[in-house]
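The values are calculated or read from the model by the stated rules, or taken from the named source; none is laboratory data. Not measured: the values here are computed from a predicted model. Cβ coordinates were reconstructed from backbone atoms using ideal geometry, including for glycine residues, and neighbour counts include every protein chain displayed. SASA here: full protein model, heavy atoms, side chains in, ligands and nucleic acids out. Shrake-Rupley method; radii C 1.70, N 1.55, O 1.52, S 1.80 Å.
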Amino acid sequence: MQNLIVQAGNEAFAKWRGRVRVPGDKSVSHRSIMLGALAEGTTHVSGFLQGEDSLNTLRAFRAMGVQITDPVDGCLTIRGVGLHGLSAPASDVYLGNSGTSMRLLAGILAGQKFSSVLTGDSSLAKRPMRRVIEPLQVMGAHIDSVDGKPPLRIKGNALLSGIDYVMPMASAQVKSCVLLAGLYAQNITAVTEPAPTRDHTERMLHAFGYAITRSANRVSLQGQGRLIATTIEVPGDISSAAFFMVAAAITPGADILIERVGLNPTRTGVIDILRLMGADITVLDETLLSGEPVGTLRVRGSELVGIDIPTHLVPLAIDEFPAIFIAAACAQGVTRLTDAEELRVKESDRIQVMADGLRVLGINAEPTADGIVIEGGAFGGGEINSHGDHRIAMSFAMAALRAQGSIHILDCENINTSFPGFVPLVQGCGLQVSVA
Ligand code: S3P
């Protein structure tokens, strides 16, 4: 178990003038392997996230007979086997910490001729899976679990039929799971979402030549078509960039550039929320990469103020709240988040674990059933238990920029799930971090 010690202070970071590049987008990396494997022909991927989560997806498809080269500097090649070319894995498919791998794979595996079992680590073992089991069963899948938690057991040879699914929660993983099962189903599969969620699956299906239709908040596709191999350039992950955005926003005098960040409008809620708090963020050089908008972000330190976070931005910033809470702790006044109960079922209960950590530092943070109330102010150092949640660990590392004492963060191994190279990268920008 790896712990981090981050010294208080921000003089070096405030003076640092440079560019950072964060690793590839996790959501896009997962999907590049999945669709590349199911396509006909050879897909080339660059910018792939060589983090444990997306590597677990890669290993899962290798275990089902797909030839995928070892990623080198984010570049890899996938020999697609077509929609019906996967073979039975020799053993249970282990997906580590990755909820995205499990929920999306469940949709793909529901349509196979062979049976499979999906397992994960102790965090994944606690995460709710009924949200994918139920719609898949309605489609005709034979999928089961104990108490709606992993492992998932999927029986082969099910005949899937399209459904018109109205999702009870705003979840891109559930939407993607149903659409991927829909590739194997008869007729049309449609998903209606209660609020917009990340649309990487839809964009990438289109890039692989698969027709997909959106009208308002409903997406649909006709099953049993074909995916045609393509080239995917994965943008930098805005969820990883968020730590640097917050770091610069809370540091007086900071002025940094974050290059080649994915700016898909279903992911940019963090920029909108930080701007509402008074952050100085400029988007430069916007362009399109494999159907996904990307750009460079310039972020300068400024005075932040507490806000009531608009609820429509919640699904568009769902992974960035741990970092946003650190910005709220540094802001003048109170920040209130509501309508965010989904945060309680992420890699950890992010409302409770963040509230506990902020309180250790001396910040008033009141968890509520569906959010949190944070009163900004000066704070000290202390020992934080990240509960193995990568984003919580990295958020508290950034808090040290404004803390009056060093911050010791426990259980940080999972930073490697989404952000390999985090420690040397932040050291290079002037943060004093050591591994203990
Ligand atoms: C993801 C969707 C989100 C997000 C997760 C990645 C995806 O989960 O939190 O980190 O790649 O589809 P939900 O769909 O459960 O909100």
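So Thr230 fits all but one of (1) open to solvent by 10 Å² or more (accessible area, probe 1.4 Å); (2) under 22 Å from Glu342 (Cα atoms); (3) among the β-branched types (Val, Ile, Thr); what number is the exception?
Exception for Thr230: condition (2).
Does the stretch 80-88 contain at least one residue that is touching a Phe, Trp or Tyr at 6+ places or on another chain (Cβ under 8 Å), away from the ligand (no atom under 16 Å from the Cβ), under 18 Å from Val178 (Cα atoms) and without any contact (Cβ under 8 Å) to a residue 60 or more places away in the chain?
No, the stretch 80-88 contains no residue that is touching a Phe, Trp or Tyr at 6+ places or on another chain (Cβ under 8 Å), away from the ligand (no atom under 16 Å from the Cβ), under 18 Å from Val178 (Cα atoms) and without any contact (Cβ under 8 Å) to a residue 60 or more places away in the chain.
Any idea which of Arg17, Arg59, Arg79 is surrounded by fewer than 24 Cβ atoms within 10 Å (Cβ to Cβ) and in a helix (DSSP H, G or I)?
Going through Arg17, Arg59, Arg79 in turn, just one is surrounded by fewer than 24 Cβ atoms within 10 Å (Cβ to Cβ) and in a helix (DSSP H, G or I): Arg59.
Looking only at helices (runs of 4 or more DSSP H) that lie completely in the stretch 254-363, which have at least 2 residues being open to solvent by 40 Å² or more (accessible area, probe 1.4 Å), away from the ligand (no atom under 16 Å from the Cβ) and under 27 Å from Ile384 (Cα atoms)? Walk me through it before giving the result.
Details: elements: 269-276, 321-330, 350-361.
The helices (runs of 4 or more DSSP H) meeting that bar are 350-361.
Answer yes or no as to whether Leu159 is on the phi < 0 side of the Ramachandran plot, surrounded by fewer than 20 Cβ atoms within 10 Å (Cβ to Cβ) and away from the ligand (no atom under 15 Å from the Cβ). Steps first, answer last, please.
Details: on the phi < 0 side of the Ramachandran plot: yes; surrounded by fewer than 20 Cβ atoms within 10 Å (Cβ to Cβ): yes; away from the ligand (no atom under 15 Å from the Cβ): yes.
Yes; evaluated as a whole, the condition is true for this residue.
Of the conditions (1) within 20 Å of Gly376 (Cβ to Cβ); (2) surrounded by 23 or more Cβ atoms within 10 Å (Cβ to Cβ), Ile238 fails just one. Which one is it?
The number of the failed condition is (1).
Go through Thr192, Thr213 for me and flag whichever is hydroxyl-bearing (Ser, Thr, Tyr) and either in contact (Cβ under 8 Å) with a residue 12 or more places away in the chain or open to solvent by less than 10 Å² (accessible area, probe 1.4 Å) (or both).
Working: Thr213 fails: either in contact (Cβ under 8 Å) with a residue 12 or more places away in the chain or open to solvent by less than 10 Å² (accessible area, probe 1.4 Å) (or both).
Thr192 is the lone residue from the list that is hydroxyl-bearing (Ser, Thr, Tyr) and either in contact (Cβ under 8 Å) with a residue 12 or more places away in the chain or open to solvent by less than 10 Å² (accessible area, probe 1.4 Å) (or both).
Looking only at the stretch 183-199, which residues are within 16 Å of the ligand (Cβ to nearest atom), among the β-branched types (Val, Ile, Thr) and in contact with a helix residue (DSSP H, G or I) (Cβ under 8 Å, 6 or more places away or on another chain)? Please lay out each step first, then the result.
Of all residues in the stretch 183-199, those within 16 Å of the ligand (Cβ to nearest atom) come to 191-199.
From what is left, the residues that are among the β-branched types (Val, Ile, Thr) are 191-192, 197.
Residues satisfying the conditions are Val191, Thr197.
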